[in-house]
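Undergrad: Below: one structure in structure tokens.
Derivation of every value follows stated rules applied to the coordinates shown; laboratory data play no part. As the structure is a prediction and not an experimental result, all values here were calculated from the model. Cβ atoms come from the backbone with ideal geometry, glycine included; neighbour counts cover every protein chain shown.
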Amino acid sequence: MSEQSSAATAQQRDPRRWWILAVLCSSLFVIVLDNTILNVAIPSITEQLGASTAEIQWTLNGYTLVLSGLLITAGGLSDRLGRKRALLLGLLVFGGGSLTGALAKSPEVLIAARVLMGVGAAFLMPGTLAVLVRTFDDEERPRAIGIWAAVSSAGMALGPVVGGFLLDHFWWGSTFLINVPVAAVGLVAMALLLRESKDPGHSRPDLLGALLSTVAVVSLVWSVITIPREGWLSPKTLTAGLLGIAVGITFVWWERRVQDPMLDMAMFKNPKFRGAVFGGILTAFGMAGSLFLLTQDLQFLRGYDPLEAGAQLIPMAVGVLFSSVVVSPRVLKKLGIGKGVALGVSASAAGLTVVALAPASNGYLVLVAGLLLLGGGAGISGPLVANALLSSIPPERAGTGSGVNNTLQELGSGLGVGVLGAVLVAVFSQTVPGRLGTAAGESYPQAVKAAGDSQALLSDVRDSFTSALTVSQLIGAAAVLLGGWIAGMLLRADRAAAAGAPAENATENSPA
């Protein structure tokens, strides 16, 4: 870009754009934080509200189910009805749900609050990225997306730490109340800073498509999150999964026939979009599943309590923050999206491998190195995948595209926990001493209880669980590597097809 064109572009940039990004990221942070912050408060909620196990499960899963189920619908509605309007509605509902949850006196009210928060978050999550795309130009967008991705990853990693700090100083409702001032400030700031934008060519809502997508996604997510508890072949898991697949097929059929579809299926014909989505699913699969295993490693084998275990993940958050903001934009300029994604996922897979092989006895420094590598790689590839996704669809469909991406990543994360958790149980049950009984093979605490005071049996149980964790984490690392490399090849193929073979090298080095 010449100096003259750069100056002209700079004059056209919104001078409030970084303030807008700050407001968008603060809203995104509390949304992602709520995926994990509540986990450490479960014992307090169970005791003080007298919640049953089923009610606790609904408290945790209600937010995830509603958020996942409404992401595509909310993204489509924000494109049609206005993205500023959708963000303000999302903040209002999310803040109201958070206040209700903080003041809840019964499990039923708490569950309803979490559902409300899920509705609000579904409008906020795709909306923040859609507004970001329209606020920043091609030159600054990679950096802005890097900051957005860093905040998202940091919120996920810091949830247990923030939750533990609040519980040490306040009551369990503070884990909800922390969202209220952020929502209040965000409402005022967005009302003043944002300009309204929407898709002028699609004004009529696709109500049947919205209903079908919601039912399909909720059924699939419900099926995935019941796997660890019910098993792969249980009637609940199979029924929900088959219903989700059937309704999903119906949704695709309807969207291909309706005149004004909520989700344009032509997006999936674009190799760049497919590459970004596929890479996002498998990367989320490996990352979420491996982190689920790592928390068990930290608590069962290394002896940390939940708050301490969450604090051990801070190096990963540091790696994500630094590489998302500083490294990822430079990688994009030097290598392009395809090679950059391959580099990022290779680093993440290497980090997961280091984590899997770090000895529990004296390997914390090795664990820190693995977590830094894991976070650094995710910080490189995450913004590049998001950039590829958003550059592959028309700007007027940014909300819908973001909703699709977030939905599939939610499914990938759930499958990662379910599949790698099942691998863990399968390997552990085959290697744990048989004389401890069948129940001992289902979980580490049950095996420890069955071993009693026998140090020899306890040592065998520990060795069996360590081996099972290592195998499962290595499978997660392989999934991250495979997904990222396939995504990188699809993204490079799309770039080569668009530019032509003679210009491949020049194009590969330019930002999307």
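Undergrad: For the chain, with only Lys/Arg (+1) and Asp/Glu (-1) charged at the beta-carbon, what is the dipole magnitude about the Cα centre, in debye rounded to 20? All intermediate terms of the calculation are to be shown ahead of the outcome.
TA: On the way: 33 positive and 31 negative charges, 195 e Å.
So the magnitude is around 940 debye.
Undergrad: Determine ³J(HN,Hα), in whole Hz, for all residues of segment 407-424 in sequence, where each value follows from phi through the Karplus function 6.51 cos²θ - 1.76 cosθ + 1.60 and θ = phi - 60°; x replaces Gly and Pro.
TA: Values per residue, Gly and Pro as x: 5, 5, 5, 4, 5, x, 5, x, 5, x, 5, x, 6, 5, x, 5, 4, 4 Hz.
Undergrad: Go ahead and run the numbers for FRET between Phe165 and Leu192, Cβ-Cβ distance against an R0 of 35 Å, rounding to 0.05.
TA: For R0 = 35 Å, the calculated efficiency reads 0.65.
Undergrad: Next up: Would you please give the FRET efficiency between Gln430 and Leu211, computed as 1/(1 + (r/R0)^6) with r the Cβ-Cβ distance and R0 = 45 Å, to the nearest 0.05? Let's see the in-between values first.
TA: On the way: r = 44 Å, r/R0 = 0.98.
FRET efficiency, Gln430 to Leu211: 0.55.
Undergrad: So, one more: For Lys334, go through the lysines and keep the ones whose alpha-carbon is under 26 Å away, minus same-chain ones fewer than eight residues off.
TA: Cα-Cα hits under 26 Å: Lys272.
Undergrad: Starting from the Cα of Ala266, step 7 Å along the direction of its Cβ; do the same at Ser26; then give the gap between the two resulting points in nm.
TA: Going from the Ala266 label point to the Ser26 one covers 4.0 nm.
Undergrad: Here's something else I'd like to know. Using a simple spin-label model with points 7 Å from Cα along the Cα→Cβ vector, what separation in nm is obtained for Ser459 and Gln259?
TA: 7.7
Undergrad: If you line up the Cα atoms of segment 66-206 on their principal axes, what length do they span on each, largest first, in Å?
TA: 48, 34, 27
Undergrad: For Cα pairs less than 8 Å apart in space and 6+ apart in sequence, what is the mean separation divided by the residue count of the chain, i.e. the relative contact order in percent?
TA: Computed value for the chain: 21 percent relative contact order.
Undergrad: Place a label point 7 angstrom from the Cα of Val109 along the Cα-to-Cβ direction, then list the residues of segment 169-197 whose backbone nitrogen is under 15 Å away.
TA: Once the point is set 7 Å along Cα→Cβ of Val109, 172-174, 176-177 turn out to lie under 15 Å by backbone N, inside segment 169-197.
Undergrad: Here's a follow-up. If I histogram all Cα-Cα distances within the chain using bins 10 Å wide from 0, what percent of pairs lands in each bin?
TA: It works out to 4, 18, 30, 28, 14, 5, 1, 0, in whole percents.
Undergrad: Another one. I'd like to know which of Asn39, Leu77, Gly173 lies farthest towards the positive end of the charge dipole of segment 37-180, counting +1 on Cβ of Lys and Arg and -1 on Cβ of Asp and Glu.
TA: It is Leu77, whose Cα lies furthest towards the positive end.
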